[in-house]
Amino acid sequence: MSVFNELEQRGLIAQMTHPEQIKKILDNEKVVFYIGFDPTADSLHIGHFLQMVVMSHMQRAGHTPIALMGGGTAMVGDPSGRNDMRSMMTVEKIEHNVACFKKQFERFIDFSDGKAIMVNNADWLLDLKYIPFLREVGVHFSVNRMLGAECFKSRLEKGLTFLEFNYMLMQSYDFLSLNEKYGCALQMGGDDQWSNIIGGIELVRRSKGKDVFGMTFNLLTTSEGKKMGKTQSGAIWLDGEKTSPYDFYQYWRNIDDADVIRCIKMLTFIPLDEIKKMEKFKGQELNTAKSVLAYELTKLVHGEDEAQKADVAAKTVFSEGASSENMPSTAINIDEIKNGIGILDLMLKAQLIPSKAEGRRLISQGGVSVNDNKVTDFNLFVDETFIINDEIIIKKGKKVYHRIVV
């Protein structure tokens, strides 16, 4: 099967600039393409992982990915999908985040022997001179058209800074630079990047008279259209220190029935023939599909050992509600618990809740237990009497277990 058909049948493709031409070059040529990643945090998240899955499909088909680290564009901040301006980051913070991204990327994409390229747009954007940049790039952009782009239009009422208004020009210049240096002919990205991608295509065409192309893929959303990859504690990170392998596994094991097959298609490399069999699953059978999704994704992100541990821990917990050494855990010093620690403070420390207000809501709904005893008092103090075999087990909801190791 061609990579174009693979991406299409997995429900990954959202929009394309030249469908027939893109299909033709992907089926018959070796294409250099790029996807950009702005280092706004010190870890990639599950949304980035979807983009890397697309890169991997393309690389397996013989095409050459460019992973563009946005060390320059992160200085400005992408306004796409934002209600307000992103926080300004220091140069040192951006450089640290880029280094973290690079380490994670090398686990998912093969950069050996020129099979993939990694570059940082800080290398060319930070040395630009303002007036020459305006004359070379700005002259090709219509302000009227830019204001009609979704990434800007949604921000006009609440306020769009001139700083952010430059983002489209900078990303477009990336495409021009990569085309000149590496012969890059295709930019890919999430569907929220459509306007920025169009800007780059038009800049290359007007500056160089070359035809280049753009393709976006569907964002990771639920069947109700809500963005996936968020929990009460925040984003689903690929860094095991920020989202433990067990919590990562549990997120996918507990998704809605309506979303499981779509996620398997988009996020895993399970053959489509096997997925077709799972499409017939109903009722309890869908739990099997969820376990497959959780295991495969955890294996891809954290390795097979961690996937097996998470799988065993989940089955142990679900079967008997028992504690397990593979359960996510938080270590605390005995001195912290001698005089008692409030249950809400303890849950915050274990990152089980984002705020005390959320903890009170859970307790009022009967959703919190300590050592299998339901918590009814917001002001409960957990002290040494709660310790069993050097640990305290907190249960949140029906399926989330956390071990406090004393």
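The values are calculated or read from the model by the stated rules, or taken from the named source; none is laboratory data. Computed from a predicted model, the values in this text were never measured in an experiment. Methodologically, a virtual Cβ is constructed for each residue, glycine included, from the backbone with ideal geometry; neighbour enumeration extends over all protein chains shown. For the accessible areas, the whole protein counts, side chains as well, though only heavy atoms, and no ligand, DNA or RNA atoms are used. Shrake-Rupley method; radii C 1.70, N 1.55, O 1.52, S 1.80 Å.
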field: Which listed residue, of G36, G62, is among the small types (G, A, S) and either touching a residue at least 40 places away in the same chain (Cβ under 8 Å) or in a helix (DSSP H, G or I) (or both)
entry: G36
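If I ask for residues that are among the hydrophobic types (A, V, I, L, M, F, W, C) and in a loop (DSSP other than H, G, I, E, B), which ones from the range 1-33 would you list?
Start the filter on the range 1-33 by keeping residues that are among the hydrophobic types (A, V, I, L, M, F, W, C), which leaves 1, 3-4, 7, 12-14, 16, 22, 25-26, 31-33.
Residues satisfying the conditions are M1, L12, V31.
Looking at E8, is it over 30 Å from E274 (Cβ atoms), over 16 Å from the mean Cα position of the chain (by Cα) and acidic (D, E)? Steps first, answer last, please.
Working: over 30 Å from E274 (Cβ atoms): no; over 16 Å from the mean Cα position of the chain (by Cα): yes; acidic (D, E): yes.
Judged against the criteria, E8 is not a match.
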statement: Just one listed residue, out of L267, L272, L219, is out of contact with any Lys or Arg (no Cβ under 8 Å at 6 or more places or on another chain) and aliphatic (A, V, I, L, M), and it is L267
message: Pairs needed: first member in the range 150-164, under 20 Å from L134 (Cα atoms); second member anywhere, at pLDDT 70 or above and among the aliphatic types (A, V, I, L, M); C-beta distance under 7 Å; at least 6 residues apart or different chains.
response: F152/M146; F152/L160; L163/V76; E164/V76
- prompt: How do the pairs read when you match residues in the range 383-406 that are under 16 Å from G366 (Cβ atoms) and open to solvent by 50 Å² or more (accessible area, probe 1.4 Å) with residues anywhere that are part of a strand (DSSP E or B) and not aliphatic (A, V, I, L, M), using Cβ under 6 Å and keeping only pairs 6 or more apart or on different chains?
  reply: K395/S369; K395/Y401
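Looking at the range 225-267, which of its residues are polar (S, T, N, Q), assigned to a loop (DSSP other than H, G, I, E, B), buried (at least 19 other Cβ atoms within 10 Å of the Cβ) and in contact (Cβ under 8 Å) with a residue 40 or more places away in the chain? Give the derivation first.
Just the residues of the range 225-267 that are polar (S, T, N, Q), to begin with: 231-233, 243-244, 250, 254.
Remaining after also requiring assigned to a loop (DSSP other than H, G, I, E, B): 232-233, 243-244, 254.
Of the ones still in play, those that are also buried (at least 19 other Cβ atoms within 10 Å of the Cβ) are 243-244.
S244, the sole residue that qualifies.
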statement: Quick count over the range 280-303, residues being farther than 21 Å from G229 by Cα and surrounded by 15 or more Cβ atoms within 10 Å (Cβ to Cβ), is 1
